[in-house]
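See structure below.
What follows draws every value from the coordinates through simple rules; no lab data is involved. Given the structure is predicted, the values throughout are model-derived calculations rather than measurements. Glycine also receives a Cβ, built like all others from the backbone with ideal geometry; neighbour counts cover every protein chain displayed.
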Amino acid sequence: MSDIAIRVENLSKQYEIGAARHREDILRDQLVHGFKKLCGRGPKAQATKEIFHALTDVSFEVRQGEVIGIIGRNGAGKSTLLKILSRITKPTQGRAEIYGRVGSLLEVGTGFHQELTGGENIFLNGAILGMKKNEIRRKFDEIVAFAEVEQFINTPVKHYSSGMYVRLAFAVAAHLEPEILIVDEVLAVGDVGFQKKCIGKMGDVAKNGRTVLFVSHNMAAVSQLCEHAVWLEHGQVKEIGNAAELVKDYLSDENSQKAACMWPHVEQAPGDDRVRLMAGRIVQDGRVTSVVDINEPARIEIEFEVLRPVRNLVCGIDLFNSMELCLFSNCDWRPNFLTPGRYRKHVDVPPQLLAEGRVSVMLQLFFYSPTISSVALRDALIFDATDSDHPLSVRGPQKGAWPGVVRVRLEWGEASPVQKRRPSAVT
Amino acid sequence: MLSTNPGAGATIVIQPTRDLFHLDLHEIWQHRDLLYFLVWRDVKVRYKQTAIGAAWALLNPLVTMAIFTVVFGHFAKLPSDGMPYPIFVFAALLPWNYYSQAITRSGASLVGDANLIRKVYFPRVIIPLSATITPLVDFAIAFGLLLGMMIWFGMSPTWAVLTLPLFAAMTVIIALGVGLWLSALNVRYRDVGHIIPFLTQVWLYATPVAYSLNLVPSQFRLLYSLNPMVGVVEGFRWTIRGSGDLEVGAVVVSAAVSVLVLVGGLAFFKHMEETFADVV
């Protein structure tokens, strides 16, 4: 028995984009196509099939008890790698060996049913995550306590606030006790306090000598929790090494700017059966750019495809700085009703708000009452905010470093003479 | 450390599958708790927000039985193999309702649980399997009703009723087989969702539910029983009736077809399974 927990060897995964498009295809087309082929007419095979290389030749090893981070931009293949290691999808080539019981958390609250009570959902979700009935029964009270939902345990979760819902979902997940834990961006949910609690829990898991493979956009968490990290880029391993150093390299990587993101095919675009995000752009002075002058307004454009009539679709943006601190979060809450079709929306980020540095935009599409998150895409857009010698620049004539996570222009009052108090008679 | 036998001792080896047919029963068994909870979920949810709850399981076959009795029993005066017409119809509706519910549910099951498929690993067969098990609850309730009706009509069950579990098992086999085909096809072609209601309707009339198998000319009966539900309905009627001959030929043909459908369904499902997470 070696001390290896996960061994990944030359793992590759290709998707046929054409095949995915067929899904929406109607049976009729397939029948017609088959018939034509039988008659020896029509196109021989679909020469137009596009192959998308999600992962190419990825190899690495994780030792028992090690915490390893997987970093990289969206579309770098992180999710595909996790899906393969979780056995949700099969690789096209290569192999992976896993030594130990695996628990994978690609999402919290998978399989929660709105009509069922909190208690019932603990059992259902626990079973879905791979726990045995007895195991769930044993940990039930602990889970309820962790989630702080004691009073509502017999209430259907559709009546839960989104905070309670997430707490309950995470509580079940946190009580999974595999030897090897595979975790996706689950830490991105909830408020900052809750995220801290989650990261704390991850640290505990690691301290117990369990192996953790952890994908995150939270660079602070990666450098804090992981010894090693794997940096994926375009489906390939770009670098493997010490987590803290890799994070530093990653953050200073020039290529990681992204002025626009776009998905040519609806099926491949992030989202669900309600709505899919088709494109996003940062526009300043009428052109798409990844360098934004913080003294001028910048526009963030979102394009999405509505797949069935929906009510109260909310678009939102969250901006993060390079240390993954959320600068602000903003959404358009106005009620609406949208019929299927392509829509575009924009929001203007005012001048004199951002500080210099790398800014990452999370694009969100969701619904409220009940809250359903269709898209929450971290690093959808990444740009560099730069200051200029604009007359209104906050830094004025000052060059060099300027502190603060935001650079808001404040209105200063004029200096006005203060009446000197009359000196008192007696000193 | 170089190992001569790569993968030795590994709990899980992940690689592209090459074997055509590989049904890991052991793995399904390991996930039996999940199967249990999926069935439990569906049963709970089904009756949770309904005002009359489990009564729906009775109402549906009762109303269908009443309609068939009036239309086919009284107006059309179809023969009923010497049984009271309501019993005659109900004995067939019992497996039929289960069957149509099971294939409707399992046909939609993978698409309905797409979220699970995209985020969690487990043997995918569990999803249509649970959808096939859930309607057994309604089946059991309706079976109780049938027993009550038999007492009402003064029929006493004979030893033949002991073979009923066999025919019930055959119904489950067909339902699972067809359900596997439909659910896997539905992932790829959403048309299947539209086809299923139509399919069950046509299939109902292609099955001797409202009429007797004896109305079919005897030289066509074997051909007719290629529809596996023919054997099931004939079997159910025979076990309830407790007298007369069982059309053994029809039952054997139907049983053979249902096993073939199941084996084919499993193979097809396994073949499609790998791409579910990518396309669902």
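General observations
- Ellipsoid semi-axes in whole angstrom, largest first, where each is sqrt(5λ) of the Cα gyration tensor of the stretch A:361-427: 48, 23, 10
- Full-extension gain in nm, A:LYS420 to A:GLU301, via 0.36 nm per residue minus C-alpha separation: 37.3 nm
- Based on every Cα atom in the stretch B:93-234, Rg and the maximum pairwise Cα distance Dmax equal 17.0, 55 Å.
- Reducing the stretch B:205-234 and the stretch B:59-89 to their Cα centroids gives an inter-centroid distance of 17 Å.
- Between 0 and 90 degrees, the angle of helix B:136-152 with respect to the longest Cα principal axis of chain B falls at about 10 degrees.
- Normalising the average separation of contacting C-alpha pairs (under 8 angstrom, six or more residues apart) by the number of residues puts the relative contact order of chain A at 14 percent.
- Given 16 as the ceiling on other Cβ atoms within 10 Å, longest exposed-site-free region of chain A for chymotrypsin sites (Phe, Trp or Tyr not before Pro) in DSSP loops: A:1-332
- Stokes-Einstein D for the stretch A:260-386, Kirkwood Rh over Cα pairs, 20 °C, 1.002 mPa s (µm²/s): 144 µm²/s
- Across the stretch A:51-165, Cα pairs under 8 Å and at least six residues apart give a relative contact order of 20 percent.
- Kirkwood-type radius of the protein assembly as shown, with distances r between different C-alpha atoms, in Å: 29.2 Å
- Here the relative contact order of the stretch A:260-386, from alpha carbon pairs under 8 Å that lie six or more residues apart, stands at 29 percent.
- Coil-residue GluC sites (Glu not before Pro) of the stretch A:306-413, DSSP, other Cβ within 10 Å capped at 13: A:GLU411
- Excluding the site residues themselves, the longest part of chain B lacking any trypsin sites (Lys or Arg not before Pro) in a DSSP loop with at most 13 other Cβ atoms within 10 Å is B:78-280.
- Legend: calculated FRET efficiency, A:LEU327 to B:ASP191, from the Cβ-Cβ distance at R0 = 51 Å, rounded to 0.05, equals 0.60.
- Distance-filtered residues of the stretch A:344-384 - backbone nitrogen under 17 Å, label point 7 angstrom along A:ARG409 Cα→Cβ: A:348-356
- With only Cα atoms counted, chain B has Rg and Dmax values of 21.1, 83 Å.
- Taking chymotrypsin sites (Phe, Trp or Tyr not before Pro) in DSSP loop conformation with at most 15 other Cβ atoms inside 10 Å as exposed sites, chain B has its longest uninterrupted site-free stretch at B:22-152.
- The distance from the alpha carbon centre of the stretch A:322-391 to that of the stretch B:96-140 is 39 Å, rounded to a whole number.
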